[in-house]
Amino acid sequence: MKLSLHVWRQANSNEAGRMDQITATDITEDMSFLEMLDKVNEDLICEGKEPIAFDHDCREGICGMCSLMINGVAHGPESGTTTCQLHMRSFRDGDAIYIEPWRSRAFPVIRDLMVDRSSFDRVMQAGGYISVNTGNAQDANALPIKKADADAAFDAAACIGCGACVASCPNGSAMLFVAAKVNHLGRLPQGQPERSERVKKMVDAMDAEGFGACSNHYECEAVCPKDIPADTIARMNRDHLKASLCD
Amino acid sequence: MKLDSKIPGGPIQNKWTEHRFNMKLVNPANKRKFRVIVVGSGLAGGAAAATLGELGYNVDCFCFQDSARRAHSIAAQGGINAAKNYPNDGDSIWRLFYDTVKGGDYRAREANVYRLAEISSNIIDTCVAQGVPFAREYGGLLDNRSFGGAQVSRTFYARGQTGQQLLIGAYQALSRQVSKGSVTMHTRTELQEIVVVDGHARGIITRNLVTGKLTRHAADAVLLCTGGYGNVFYLSTNAMGSNVTAAVKAWKKGAGFANPCYTQIHPTCIPVSSEHQSKLTLMSESLRYDGRVWVPKKKGDTRAPNVIPEDERDYYLERRYPSFGNLVPRDVASRAAKERCDAGYGVGSTGLAVYLDFSDAIDRLGEDAVRARYGNLFHMYEKITAENPYKVPMKIFPAVHYTMGGLWVDYELQTTVPGLFALGECNFSDHGANRLGASALMQGLADGYFVAPYTVGHYLAQHGSMGASGKVTTDHPAFAESENALRDRIDRLMNINGSQSVESFHKRLGKIMWDECGMARDKSGLRGAIEDIQALQKEFWSDVCVPGSKDGCNPELDKAGRVADFLEFGELMCRDALMREESCGGHFRKEHQTEDGEARRDDDNYAFAGVWEYQGDGDGDEPSLHKENLEFEHVKLTTRSYK
């Protein structure tokens, strides 16, 4: 395959970026999207040019490090798939592919396609945990949990923190990310003592980081590589309302 | 180098309890006067940093990823063992201990493994309290499943994402400490040097991967929780950034490196499809419970698998190991696949694959039941290969997965450099020559939550620089010396301006390692590999091309440093494999096998941990070998047989 890539290049967070056209040659169908970029980078290095910087690590869809807007869609055309699991058989010879970094004020560009997602860490630090010290636990089976609740908590806990929800939201909202954690812990009995405080603190932190509000576009749900549904947000809103009224 | 394992006396059941009592404590008011560095934020590092923070120490935690939550522990699929005996099937601490020592082919230290089994139950309790959503039964209690090398169901799991859920648990605990100010996180920051003052580890030098800035960090103790070195093979199931740099730096500062040749090749991975492949993907070991492994009986049979009749298929694991069949441990299953492929019976375009067939299970249980058990794995397989495993057998091949070798540590997880600790996969301690499934998560969390928090305190109470000698600060000449050495190395890398990419060197190293130090090794191959690696290393330092600048974000420079260390380390692995004239666990020497191709151990001469001491970089400098003899008082050494 031969592809015409249009790639966002930006030296660092202070300088202006631009789209560069780069031709990718000798691409095969069984390459992953990131292996295609590896190949392009090897060719750029051979030509004495600087390779394209992008974030990636596990390359099996679980660490949440990879990103990329591919033809305007977070993680590309396949649903329920991270960029690292996207394969070139989803594209055709001669295709033009537009590759951009996550787009959000709360995720500044570091270089080329790499962005700074430390805002997510700070939202988590605001309350995305159960306050228990190591060594304080009772026997694990002393606390039975309804299977349905445990499964629902797991569905929310599947979030990999990649930020696709933010990147594809017209408002740059992090509601799906925050709601996933609020629901994970809020569905479990261990999470009840801090349930109200947690949702308030995390939502406040989210606002302080400059993420936008939710206005029900559901773009987040459409691109989430772990298929976390948008009704997770509705549940968080209910928790938040309840917590605010009970103050 | 003196190897004092510090194994406490007394009955094995009481060793840890008594040792905890005998260890010195740090007064709560004094804890905040100590600074502890934790490198790595996976299960071992994240757990240790959070717990030390809870105890009141000042902790600085470093990771090269953009968040602590991305560490590669996250990719573990199958589960975590614990001797809870919830299913009432006869499990006990003693049985978990015994299985783990046996599974490690009798090359682990008994006292450490016993402690691991003892702590295993506390880990599950802690994780549940943190909100880790383990799989549950309809009655609301925790579910268990069985895993390779065990005849009881002791594995706790969270679908196929157990590592992710446990890591998020540790990350949440860590986030809580960050909010309290007891832990400072340094993301996108990589360790480049370890600073030793008067024989004690007193700090590190890091490089910021965004700005390129080098920074000195002083501390009273340094914990390395930096994972394994599987990426020395280039292709492995490790994350792209996983590296051996911290361990190599520690080795060069005097820490002994134990058993580097012990590597685990996992039998069920998706085969390599092209030369552009960057990593290999694991298909969980759990698949072998319902899948049957086979190859055609006829050499070079290119027919589609579904048209090959039953009597022309060789279910070689069932044939060779009738009692364990498809459930033999990982090392045995991997070697058997290699044997068939080497003999010309492999399938797929490369001939380097075997079938893992679910058609019997689908006939027996129905497609829906198989989907309920393995749906996410089948989905992942189809995404990568574009083949539907419900209709066509999966093609699988062994791949490098885990490394049992690591920095040598004593019972307190301290390396031979006082004040320098190694936790999790980074150390060598608990898995011997072969790790059983669902034991890596257990060890990482045991070290981080329940061992290091005590033993580091014990060290600080005795040697922490709170007393008369005063604190070591970053102004100490040892910091300047390490930083200057680092600057020189970076300049050297940037100024070679050669013609070959970093990646191409890494690939060539990987090929040498896989061919000569992979699933089967022999004397002449290893000798050749050592020469080849030395030559490749020379070529690297004269012809590598690192584009860009050292000031700022430069992923190629990050990679160049890591590959330089892999080159050095690959040679050490081959030396260790050459020294060990026996076959045990993941280490298979072709010269040492039985007539029917099984591993032959030599307990009389090799029941020791081989510990290598760095002796310099000059021509003719060779690392020296030290031995820690392994005493087996409780587990009887037998030949592992799965026939």
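Only four residue types carry charge here, +1 at the Cβ of Lys and Arg and -1 at the Cβ of Asp and Glu. Report the dipole size of segment A:117-245 about the Cα centre in Debye, rounded to the nearest 20. Intermediate results must be reported in sequence, preceding the final value.
Numbers: 14 positive and 15 negative charges, 46 e Å.
Magnitude of the dipole: close to 220 debye.
Which value results when the Cα radius of gyration for segment B:137-196 is divided by 2.2 N^0.38 Å?
1.74
What does the structure give for B:85-93 when I average, per residue, the other chain Cβ atoms found within 10 Å of the residue Cβ?
0
Name the chymotrypsin sites (Phe, Trp or Tyr not before Pro) in segment B:119-187 that are in a loop by DSSP and that have at most 10 other C-beta atoms within 10 Å, would you?
B:138
Could you list which residues have their amide H under 5 Å from that of residue B:159, counting only those 5 or more apart in sequence or on another chain, with H placed in the peptide plane?
Placed amide hydrogens put B:135 under 5 Å from residue B:159.
Take the alpha carbon atoms of segment B:457-533, find their center, do the same for segment B:398-428, and report the distance between the two centers in whole angstrom.
15
Estimate the FRET efficiency between residue B:289 and residue B:392 by the formula 1/(1 + (r/R0)^6), using the beta-carbon distance for r and 22 Å for R0, to the nearest 0.05. Walk me through the numbers before you get to the answer.
Details: r = 20 Å, r/R0 = 0.90.
After rounding, the FRET efficiency stands at 0.65.
At q = 0.09 Å⁻¹, what is the base-10 log of I(q)/I(0) for segment B:265-400 according to the Debye formula with one equal point scatterer per Cα and no solvent? Please give it to two decimals.
Evaluating at q = 0.09 Å⁻¹ gives log10 I(q)/I(0) of -0.23.
With a point put 7 Å past each Cα toward its Cβ, work out how far residue B:198 is from residue B:13 in nm, to one decimal.
4.4
Among the listed pairs B:253/B:559; B:102/B:279; B:297/B:383; B:338/B:395; B:279/B:627; B:102/B:627, give every one whose C-alpha distance is greater than 25 Å.
B:102/B:279; B:297/B:383; B:279/B:627
Taking every pair of alpha-carbon atoms in segment B:112-154, give the share separated by more than 17 Å as a whole percent.
Tail of the P(r) past 17 Å holds 47 percent of the pairs.
With θ taken as phi - 60° and the coefficients 6.51, -1.76 and 1.60, list the Karplus ³J(HN,Hα) couplings across segment B:240-245 in order, rounded to whole Hz; mark glycine and proline as x.
With coefficients 6.51, -1.76 and 1.60, one gets 4, x, 4, 8, 10, 3 Hz.
With the cut-off at 18 Å, report for segment B:451-525 the share of all Cα pairs above it, as a whole percent.
Values: 1994 of 2775 pairs.
Pairs farther apart than 18 Å: 72 percent.
Can you work out the FRET efficiency for the pair residue B:527 and residue B:594, with r the C-beta to C-beta distance and R0 = 30 Å, to the nearest 0.05? Can you show the working numbers first?
Working: r = 24 Å, r/R0 = 0.81.
With R0 = 30 Å, the Cβ-Cβ based efficiency is 0.75.
At 37 °C and a viscosity of 0.692 mPa s, what translational diffusion coefficient does Stokes-Einstein give for chain B, taking Rh as the Kirkwood radius over Cα pairs? Give it in µm²/s as a whole number.
131
For segment B:1-85, just the Cα atoms, rotate onto the principal axes and tell me the three extents in Å, largest first.
Taking max minus min along each principal axis of the Cα atoms, segment B:1-85 gives 45, 40, 35 Å.
Determine the distance separating the Cα centre of segment B:592-608 from the Cα centre of segment B:313-327; give it in Å without decimals.
Cα centres, segment B:592-608 to segment B:313-327: 22 Å.
How many nm is it between the label spots at residue B:275 and residue B:619, if each spot is 7 Å from the Cα in line with the beta carbon?
A separation of 3.3 nm, rounded to one decimal place.
List B:565, B:596 from most exposed to least, where exposure is judged by having the fewest other Cβ atoms within 10 Å.
So the ranking, lowest neighbour count to highest, is B:596, B:565.
Any idea what Rg and Dmax come out to for the protein assembly as shown if you just take the C-alpha atoms, in Å?
That works out to 25.9, 80 Å for Rg and Dmax.
So what's the angle, to the nearest 10 degrees on a 0 to 90 scale, between helix B:502-517 and the longest Cα principal axis of chain B?
The angle comes out at about 60 degrees.
Can you tell me the orientation of helix B:93-103 relative to chain B, as the angle in degrees between its alpha-carbon axis and the longest Cα principal axis, to the nearest 10?
70
Please arrange B:128, B:152 by how many other C-beta atoms lie within 10 Å of their C-beta, fewest to most.
Numbers: B:128 25, B:152 20.
Fewest-to-most Cβ neighbours within 10 Å comes out as B:152, B:128.
Residue farthest toward the positive end of the dipole of chain B, with Cβ of Lys/Arg at +1 and Asp/Glu at -1: which of B:444, B:263, B:309?
The residue sitting most towards the positive pole is B:444.
Give the range of the longest stretch in chain B that excludes all GluC sites (Glu not before Pro) found in loop regions by DSSP and having at most 13 other beta-carbon atoms within 10 Å. Before the final figure, lay out each step's value.
Values: sites that count: B:137, B:275, B:387, B:581, B:591, B:595, B:631, B:633.
So the longest stretch without any such site is B:388-580.
May I ask you to compute the full-extension gain from residue B:485 to residue B:151, defined as 0.36 nm times their residue separation minus their alpha-carbon distance, rounded to one decimal in nm?
Contour length minus the Cα-Cα distance gives 115.0 nm.
May I ask you to list the trypsin sites (Lys or Arg not before Pro) in segment B:188-229 that are in a DSSP loop and have at most 14 other Cβ atoms within 10 Å of their Cβ?
Those satisfying the criteria are B:213.
Pull out the extension gain between residue B:311 and residue B:379, defined as 0.36 nm times the separation in residues minus the alpha carbon to alpha carbon distance; nm, one decimal. Present the calculation step by step, with values, prior to reporting the outcome.
Details: separation 68, 0.36 × 68 = 24.48 nm, distance 3.00 nm.
Between residue B:311 and residue B:379, full extension yields 21.5 nm more.
Charges at C-beta only: +1 for Lys and Arg, -1 for Asp and Glu. How large is the resulting dipole of the protein assembly as shown about its Cα centre, in Debye rounded to 20?
It works out to roughly 1720 debye.
Can you list which of the trypsin sites (Lys or Arg not before Pro) found in segment A:1-44 are DSSP loop residues with at most 12 other C-beta atoms within 10 Å?
A:2
Averaged over A:38-48, how many beta carbons belonging to a partner chain fall within 10 Å of each residue's beta carbon?
For peptide A:38-48, the averaged partner shielding equals 4.
Under a 5 Å amide H to amide H cut-off, with H placed in plane at 1.01 Å, what residues pair with residue B:407 once short-range neighbours are removed?
Sorted by chain and number, the residues that satisfy this are B:258, B:427, B:428.
Based on the alpha-carbon set only, what is the convex hull volume of segment A:3-111 divided per residue, in Å³?
So the per-residue Cα hull volume is 105 Å³.
Treating the Cα atoms of chain A as identical point scatterers in vacuum, please give the log10 of the normalised Debye intensity I(q)/I(0) at q = 0.07, 0.08, 0.13 Å⁻¹, two decimals.
-0.28, -0.36, -0.83
May I ask for the distance between the Cα centers of segment A:1-33 and segment A:128-180, given as a whole number of Å?
So the separation of the two Cα centres works out to 35 Å.
Mind checking the alpha-carbon convex hull of segment B:460-600 and giving the volume per residue in Å³?
So the per-residue Cα hull volume is 171 Å³.
May I ask what percent, to the nearest 5, of DSSP beta bridges between residues of chain A are antiparallel?
Roughly 75 percent of the DSSP beta bridges within chain A come out antiparallel.
Give me the one-decimal nm value for the distance between modelled label points at residue B:29 and residue A:16, 7 Å along each residue's Cα-to-Cβ direction.
Between residue B:29 and residue A:16, the label points sit 6.1 nm apart.
From the alpha carbon gyration tensor of segment B:522-643, can you work out the equivalent ellipsoid semi-axes (sqrt of 5 times each eigenvalue) and give them in Å, largest to smallest?
Values: eigenvalues 269, 53, 48 Å².
Working from the Cα gyration tensor, I get semi-axes of 37, 16, 15 Å.
Could you work out the per residue convex hull volume over the alpha carbons of segment A:117-245, in cubic angstrom?
Per-residue hull volume (Cα only) is 109 Å³.
Read-outs throughout are calculated quantities, based only on the coordinates presented, and are distinct from any laboratory measurement. Values in this document were obtained by computation on a predicted structure and should not be read as measured data. Counting neighbours? That spans all protein chains shown, and the Cβs are built from the backbone with ideal geometry, glycine included.
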